[in-house]
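Enquirer: Before I ask anything, here is the structure I am working with.
The values are calculated or read from the model by the stated rules, or taken from the named source; none is laboratory data. The shown structure was predicted, so the numbers you read here are calculated from the model rather than taken from an experiment. All Cβ positions, even for glycine, are placed from backbone atoms using ideal geometry, and neighbour counts span all protein chains on display.
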Amino acid sequence: MKKIYTASFIYFLLAMAGGVFYREFTKIFNFTGITTLSYVHVHFLVLGTFLFLLLLVLAKNFSILDSKWFSRFFIVYNIGLPVMVGMFILRGILQVTGSGITSGMNGMIAGIGGVSHILLFVALCMMFASIKQAIKEAK
């Protein structure tokens with residue numbers, strides 16, 4: 001349970017840092033348009049902090065930590081989420097600074113972001129499998 005709490009707290013700190021970075025970085029460049037940097041805060045807060053806090057409650061009431069699926073979920077999810085948000089940050093910095101990028105670079109950012117979304121999908125399926133297994137064992 002300690003690792004779930006630690007993950008939640010780390011994502012909370014990253015969410016707060018992401019929000020401050022978005023606000024200050026756009027202020028430095030006098031940027032008033034739309035940028036993917038605005039997604040960093042909410043994604044780390046909801047998909048990181050709140051999800052792991054919810055899992056902490058489930059771990060307290062059910063034995064989800066004993067499932068083979070949960071350890072796999074934890075690893076895959078904690079790879080996928082930071083990579084996804086990292087692509088938000090990269091694209092957002094390029095948007096704010098007005099840096100022109102090649103179509104290849106644009107495709108690479110989109111591709112890596114897409115792979116990270118697939119990783120999150122797979123990880124969340126593993127999470128649901130571990131919850132289902134824990135509920136079955138609780139009966």
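Enquirer: Give me a count of the residues in the range 86-139 that are polar (S, T, N, Q), surrounded by fewer than 17 Cβ atoms within 10 Å (Cβ to Cβ) and in contact (Cβ under 8 Å) with a residue 40 or more places away in the chain.
Expert: Qualifying residue count for the region: 1.
Enquirer: Still on this structure: Looking only at residues that are within 15 Å of residue 84 (Cβ to Cβ) and of a type in the set (A, V, I, L, M, F, W, C) in the range 1-45, which one is surrounded by the most Cβ atoms within 10 Å (Cβ to Cβ)? So that I can check it myself, show each step before the final result.
Expert: Taking the range 1-45 as the starting set, the residues that turn out to be within 15 Å of residue 84 (Cβ to Cβ) are 11, 14-15, 18, 36-45.
From what's left, of a type in the set (A, V, I, L, M, F, W, C): 14-15, 37, 40, 42, 44-45.
Numbers: 14: 21, 15: 22, 37: 23, 40: 23, 42: 12, 44: 25, 45: 18.
Per the criteria, the residue is 44.
Enquirer: How many residues are assigned to a helix (DSSP H, G or I) and either of a type in the set (Val, Ile, Thr) or within 30 Å of residue 29 (Cα to Cα) (or both) when one looks only at the range 84-139? Quick ask: steps written out before the conclusion?
Expert: Narrowing the range 84-139 to residues assigned to a helix (DSSP H, G or I): 84-97, 103-138.
Remaining after also requiring either of a type in the set (Val, Ile, Thr) or within 30 Å of residue 29 (Cα to Cα) (or both): 84-97, 103-118, 122, 131, 135.
The qualifying residues number 33.
Enquirer: With the condition kept exactly as written, say whether any residue in the range 57-69 is acidic (Asp, Glu), farther than 16 Å from residue 91 by Cα, modelled with pLDDT under 95 and loosely packed, with under 15 Cβ neighbours inside 10 Å.
Expert: From the range 57-69, those acidic (Asp, Glu) are 66; that's our starting set.
Cutting the leftovers down to farther than 16 Å from residue 91 by Cα gives us 66.
Among the residues that remain, those that are also modelled with pLDDT under 95 are: 66.
Retained after the next criterion (residues that are loosely packed, with under 15 Cβ neighbours inside 10 Å): 66.
The answer is yes; a qualifying residue exists.
Condition check ((1) under 28 Å from residue 99 (Cβ atoms); (2) in contact (Cβ under 8 Å) with a residue 24 or more places away in the chain) across all residues:
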position: 2; (1), (2): no, no
position: 28; (1), (2): yes, no
position: 32; (1), (2): yes, no
position: 35; (1), (2): yes, yes
position: 41; (1), (2): yes, yes
position: 52; (1), (2): no, yes
position: 55; (1), (2): no, yes
position: 76; (1), (2): no, yes
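Enquirer: On to the next question. What are the residues in the range 70-91 that are at pLDDT 95 or above and of a type in the set (Gly, Ala, Ser), if any?
Expert: Result: 80, 86.
Enquirer: Now for a separate question. Residues in the range 50-83 that are outside any helix (DSSP H, G or I) and among the small types (Gly, Ala, Ser): how many?
Expert: Step one: list which residues in the range 50-83 are outside any helix (DSSP H, G or I), which gives 62-63, 67.
Within this subset, residues satisfying the condition of being among the small types (Gly, Ala, Ser) are 63, 67.
Residues that pass the stated criteria total 2.
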